Structures are given as C-alpha cells and as structure tokens.
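The next block holds one structure in the form of structure tokens; read it before the comments.
The values are calculated or read from the model by the stated rules, or taken from the named source; none is laboratory data. Keep in mind it's a predicted model, so treat the numbers as computed, not measured. Positions of Cβ are backbone-derived with ideal geometry, glycine not excepted, and every protein chain shown enters the neighbour counts. Surface accessibility is based on the protein's heavy atoms, side chains included, excluding ligands, DNA and RNA. Shrake-Rupley method; radii C 1.70, N 1.55, O 1.52, S 1.80 Å.
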Amino acid sequence: MSSQPVVILASTSAYRASLLRRLLDRFEQASPGTDEDPLPGEAPASRAARLAEAKARAVAVLRPGCVVIGSDQVADLDGTVLDKPGTVHAAHKQLSASSGREVVFHTAVCVIDTAGVAALHVDETRVHFRPLSPLDIERYIERERPLDCAGSFKCEGLGIALFERIVNEDPTALIGLPLIATCRLLRDAGIALP
C-alpha cells in the first residue's frame, strides 16, 4: 500500500476535527489566521465559499505537497448573518430572532490537493426553529453555553430541542464540515477512503 500525503485541517475547531476523525485516523490541524470579515454586499453562501478556500490556501502555501481542508459556515436569517455570539446576551438575541423562523446555514468545504488545485463544495441546511420562549432560551444557553457556534446552538447536543425540523442532504454539515462532500473531495485529491 502506497503512503498517502499528509492531510491538514486548516482549522483549530474541535467540532470540525471531531467530524474529520470519522474519516481519517491521522491528520494535522493548523490555524489559517484568515481575516473573516465579510466583503461589501457579499452573499452568505459566497462568503462561506470564499473563506473556506482562503483558509485552505493560507495553510497550503505553508505546507506544499499536503492535502489541505478548509471549511467555513455562515448562518443566514433573512439576509442577516448570525456569527458566533461570543456572549450570553448576543446568544439570547440570536435565538430570540430565530424563534419560529427558518435559518439557512451555508457550510463550505475546500480541498486543495498536492498540486495546489482547489475543489469546493457548499452545502445548504435549512433549520426551522420552533417558537421559543425567553425561558426556553435562557435554560438552553445556561445548560449548553453555545457561545462559539454560529446561530447560538449545538445541533449535536441539546440544541436539537430548539427545532421543528432540519432540511438538508448531509447531517454533518450543520456541525461544521459536510462529510459526504469532504469524502468525495478527498478521494479526488488521492486520499483513499472506503
């Protein structure tokens, strides 16, 4: 069996690393140090795609000959981007705004192969929130502390209780890395997967 190239996840996210461990026994993680500010008038899906590729390229430049995975997620509530809240107050505000509504999550993955060629996929997940009372929101935030998650929830945890339904093609995309597309892109980059 021939040796495979080193795979690097261009992210320090524990969530993305946990997902990637489902596919690969060994990979490295590197912080891309990418400026994540939006461009003027940039659509949420375009922002996710641009940042996923920028993160992958930032690491690929430093580690030529490796396969690099970049990913980014942008949450969109009727044209308003819901970033990571950072504070309890901001999380409460986001969840209050999402109550009874649909939030669209654009999750992009970019894989750069050993020759420096990039391949990109953007997944779309529609999350339908149930009506949430202020007490529901307070209890949820206190228990799960989702301050580092776009949209202020963790669907792989208690956050699932906030929803009426989730509509998508890849359940892992909402956590932060669409594994179905990642498998395809890694295979195309020469990484052997089942």
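Would you confirm, using the coordinates I've provided, whether ALA75 is surrounded by fewer than 17 Cβ atoms within 10 Å (Cβ to Cβ), touching a residue at least 24 places away in the same chain (Cβ under 8 Å) and in contact with an Asp or Glu (Cβ under 9 Å, 6 or more places away or on another chain)?
No, not satisfied.
Are there any pairs, at least 6 apart or on different chains, whose C-beta atoms fall under 6 Å, with the first in segment 121-132 and closer than 9 Å to SER98 by Cα and the second surrounded by 15 or more Cβ atoms within 10 Å (Cβ to Cβ) and acidic (Asp, Glu), and if so, which?
If the second residue must be surrounded by 15 or more Cβ atoms within 10 Å (Cβ to Cβ) and acidic (Asp, Glu), the pairs left are HIS128/GLU102.
Mind listing whichever residues of segment 89-120 are open to solvent by 60 Å² or more (accessible area, probe 1.4 Å) and either more than 22 Å from GLY41 (Cα to Cα) or without any contact (Cβ under 8 Å) to a residue 24 or more places away in the chain (or both)?
HIS89, LYS93, ARG101, THR114, ALA115, VAL117
Looking at LEU147, LEU174, which is the one that is in contact (Cβ under 8 Å) with a residue 24 or more places away in the chain, under 20 Å from SER11 (Cα atoms) and part of a helix (DSSP H, G or I)?
Sole residue among the options that is in contact (Cβ under 8 Å) with a residue 24 or more places away in the chain, under 20 Å from SER11 (Cα atoms) and part of a helix (DSSP H, G or I): LEU174.
Among the residues of segment 154-171, what is the count of those that are open to solvent by 10 Å² or more (accessible area, probe 1.4 Å), in contact with a Leu (Cβ under 7 Å, 6 or more places away or on another chain) and in contact (Cβ under 8 Å) with a residue 40 or more places away in the chain?
At the first step, the residues of segment 154-171 found to be open to solvent by 10 Å² or more (accessible area, probe 1.4 Å) are 154-158, 160-161, 163-169, 171.
Narrowing the set further to residues that are in contact with a Leu (Cβ under 7 Å, 6 or more places away or on another chain) leaves 155, 166, 168.
From the residues that got through so far, the ones that are in contact (Cβ under 8 Å) with a residue 40 or more places away in the chain too are 166, 168.
Total meeting the criteria: 2.
Given the structure, is ALA181 of a type outside the set (Lys, Arg), at pLDDT 95 or above and open to solvent by less than 50 Å² (accessible area, probe 1.4 Å)?
yes
For (1) more than 20 Å from ASP148 (Cα to Cα); (2) at pLDDT 95 or above; (3) in contact with a strand residue (DSSP E or B) (Cβ under 8 Å, 6 or more places away or on another chain), each residue gets a yes or a no:
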| position | (1), (2), (3) |
| --- | --- |
| ALA30 | no, yes, yes |
| GLY41 | yes, no, no |
| ARG47 | no, yes, yes |
| ALA52 | no, yes, yes |
| VAL61 | yes, yes, no |
| GLY116 | yes, yes, no |
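In segment 35-71, which residues are touching a residue at least 12 places away in the same chain (Cβ under 8 Å), surrounded by fewer than 20 Cβ atoms within 10 Å (Cβ to Cβ) and more than 18 Å from ALA10 (Cβ to Cβ)?
Passing the criteria: PRO38, ALA45.
Which one is surrounded by the most Cβ atoms within 10 Å (Cβ to Cβ) among residues in segment 128-151 that are closer than 19 Å to ASP78 by Cβ and at pLDDT below 95?
The extreme case among them is GLY151.
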